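A short write-up of the structure that comes next.
The values are calculated or read from the model by the stated rules, or taken from the named source; none is laboratory data. Worth saying up front: this structure is predicted, and the values here are computed from it rather than measured. Please note: Cβ atoms are built from the backbone with ideal geometry, for glycine as well, and neighbour counts cover all protein chains shown.
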Amino acid sequence: MKRDDEMNKKYIFLDLDGTIIDHKTNEASSSTVEAIRLLKENGHEVFIATGRPPCLFFGIDKKLNIDSYVAANGRLAVYNNEIVFNDPLDKDVVKEFTTTMGNLGFDVGFETIDDYFVESKNTVNVDLFSDVFHLYYPEIKKGKYKGEDIYQMILYIERKDLDKAKKACNKVHYSVSNKYGVDVNEKSGLKDIGIKAIVEHLDISIEDCIAVGDGYNDISMIDYVGYGIAMGNANNELKEKADYVTDDISDDGLYKAFKHIRLI
């Protein structure tokens, strides 16, 4: 039988952009840092669950003292600095998608564990995408993707072109990331598959898992876990799926959420 403290322990998966990181300041607020500290102090485990690959964390995991995460929208899962799930995209799918989008004049970017680069820069969308998330401007490394394990692709288009892309290639999943691009993955799942790997590795109940997010790529994990929280700045579709909607990130939303459910 589990001890009382084990029964009360929660496993908390936090999105980065728009949940931990406020894009207005490009950092985690003092209240967010405090919420994470208190959650850990109270015996809960905290994970980052992000669309970013590890090379685009820029040390936020170290700053928050978090050693476990789900990255690249679920294709990579790490627990206490140990990889427990590693599932790069199918190379044939990556090649077909890149060729198809290139023929349409669209730029494609690639995320590996330690690099972020693009096949081309035909439009300004590539760098504008980086500006939103305060990322470095990716270099053109033509053809490099063919010899790499790719964990996620980025298609740098505006929403008006999304239907055109979907019609040209329906073998992948498209998830709007910001106004200049979409995350592209296989249809096998997003952050939920990474969380599932953590759950199986730790042999815990999904009912003890909590997820917090704000974007379209957070819908799958909000659906999957026992309790889902949407930030006040989240899109309406995510808010409808969530068990609770907290305040905006700029109004201490993360701290207030865990105060509300009495974990801090």
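Table: residues versus (1) surrounded by 20 or more Cβ atoms within 10 Å (Cβ to Cβ); (2) more than 25 Å from Leu135 (Cα to Cα); (3) of a type outside the set (A, V, I, L, M, F, W, C).
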site: Leu16; (1), (2), (3): yes, no, no
site: Val33; (1), (2), (3): no, no, no
site: Ile36; (1), (2), (3): yes, no, no
site: Thr50; (1), (2), (3): yes, no, yes
site: Pro54; (1), (2), (3): no, no, yes
site: Phe97; (1), (2), (3): yes, no, no
site: Asn103; (1), (2), (3): no, yes, yes
query = Hey, among Glu237, Glu200, which residue is surrounded by fewer than 20 Cβ atoms within 10 Å (Cβ to Cβ), under 23 Å from Val84 (Cα atoms) and modelled with pLDDT of 95 or more?
reply = Glu200
key: Residue tally, condition farther than 18 Å from Phe133 by Cβ, under 19 Å from the mean Cα position of the chain (by Cα) and not β-branched (Val, Ile, Thr), over the stretch 202-216   = 2
inquiry  = Given the condition in a strand (DSSP E or B), under 24 Å from Glu27 (Cα atoms) and touching a residue at least 12 places away in the same chain (Cβ under 8 Å), answer yes or no: does some residue in the stretch 189-200 qualify?
reply    = no
note = Residue pairs within 8 Å by beta carbon, gap of at least six or interchain, first lying in the stretch 244-261 and more than 16 Å from Asp15 (Cα to Cα), second among the aromatic types (Phe, Trp, Tyr), listed first then second, are His260/Tyr244; Ile261/Tyr227; Ile261/Tyr244
message = Considering only residues that are among the acidic types (Asp, Glu) and either assigned to a loop (DSSP other than H, G, I, E, B) or at pLDDT below 95 (or both), which ones fall in the stretch 71-97?
response = Asp87, Asp90
inquiry  = Every residue in the stretch 189-213 that is farther than 23 Å from Arg159 by Cα, out of contact with any Phe, Trp or Tyr (no Cβ under 7 Å at 6 or more places or on another chain) and of a type in the set (Gly, Ala, Ser), please.
reply    = Ser205
